[in-house]
Amino acid sequence: MTATPDFRLYHGNALEVLAELLAETLRTPVVEDSPLQPDTILVPQVAMRRWLQSALARRHGIAANLEFLTPGEFVSRALERNLGKVDDDLDAATLHWRLHAALLDPALRAQSALAPLAGYLADTDPLKPWTLAGELAATFEKYQAWRRDWLLRWDAGADPDDPQAILWRAVAAGRSHRARRIQDYLARFAAGDALPTGLPARLFAFGTLNISPDVLRVLATQARVGTLHFYLPTPSATYWGDLQSLGARLRNG
């Protein structure tokens, strides 16, 4: 039988109020866990972590036994614990080096689709291929989070005349990468009876606004094995979904 998801959404226009709600929930321990097991809180950046630690310390007198992760770090942990660890993952640093090597490959640069790049790289300045590889690595890293569909299509040989697709295949062929692993993870756990392992019994996501649909899908799988508390800042005290529906009705007359 498929587990019933336990997802709890808290929305408000004041971070202080959301932090108070989080602090109150932390008062109740998780019965299934050891008292030494830290609670996991997802935050978008270091500045938010520091502010939230301070807010929780003011509320309880101390902020301890808490593990703060970014959503991306949590996804990496979920993938590793359920799909196994990989040594050849295409992270940003690895992509940078592999793209640099690809841009220096005469056979690759000879392809007509890469003619604009070949013209740019014809200069003998060694910094040009390295700098371009860094920009492309940052772009492909974003694609792994936001455009899984593009990368999987390119893996399958789509868009043979697209320079980005050609370069992606040059660096990703035969190697594991985040988009592929997320695809495998979601195929196994997004629906059906299989449940992920190694995830916390409860998970807090605080102020995580700018995250990709794929990251949200992985977070949602935790709600099938525990409780996901999602604290969402909104620009209005009114439920934002209702305001959006009202705006749509007004636009449509």
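The values are calculated or read from the model by the stated rules, or taken from the named source; none is laboratory data. Since this is a predicted model, take the numbers as computed values, not measurements. Ideal geometry is used to build each Cβ from the backbone, glycine not excepted, and the neighbour counts take in all protein chains shown. With ligands, DNA and RNA removed, areas are computed over all heavy atoms of the protein, side chains included. Shrake-Rupley method; radii C 1.70, N 1.55, O 1.52, S 1.80 Å.
If the condition is being open to solvent by less than 60 Å² (accessible area, probe 1.4 Å) and without any contact (Cβ under 8 Å) to a residue 12 or more places away in the chain, then segment 167-212 contributes only Ala194. With respect to the stated conditions, Asp125 fails to be open to solvent by 50 Å² or more (accessible area, probe 1.4 Å), more than 19 Å from the chain's Cα centre (by Cα) and closer than 30 Å to Thr197 by Cα. Looking across segment 18-35, the residues that are of a type outside the set (A, V, I, L, M) and either open to solvent by less than 80 Å² (accessible area, probe 1.4 Å) or modelled with pLDDT of 90 or more (or both) come down to Glu20, Glu24, Thr25, Asp33, Ser34. Looking only at segment 120-162, residues that are within 29 Å of Arg217 (Cα to Cα), among the hydrophobic types (A, V, I, L, M, F, W, C), part of a helix (DSSP H, G or I) and modelled with pLDDT of 90 or more come to 9 in all.
I'm checking my understanding of the structure. Among residues of segment 128-140 that are crowded, with 19+ Cβ neighbours inside 10 Å and not small (Gly, Ala, Ser), which one is farthest from the chain's Cα centre (by Cα)? If we take residues in segment 128-140 being crowded, with 19+ Cβ neighbours inside 10 Å and not small (Gly, Ala, Ser), then Pro129 is farthest from the chain's Cα centre (by Cα).
Restricting attention to segment 240-248, does a residue exist that is of a type in the set (A, V, I, L, M, F, W, C), modelled with pLDDT under 85 and surrounded by 13 or more Cβ atoms within 10 Å (Cβ to Cβ)? Among the residues of segment 240-248, at least one is of a type in the set (A, V, I, L, M, F, W, C), modelled with pLDDT under 85 and surrounded by 13 or more Cβ atoms within 10 Å (Cβ to Cβ), which makes the answer yes. Contact map, segment 67-95: residues that are at negative phi paired with residues that are β-branched (Val, Ile, Thr) and not in a loop (DSSP other than H, G, I, E, B), Cβ distance under 6 Å, separation 6+ or inter-chain. Pairs shown: Glu67/Thr40; Phe68/Ile41; Pro71/Val215; Val75/Val215; Val75/Val218; Ala78/Val218.
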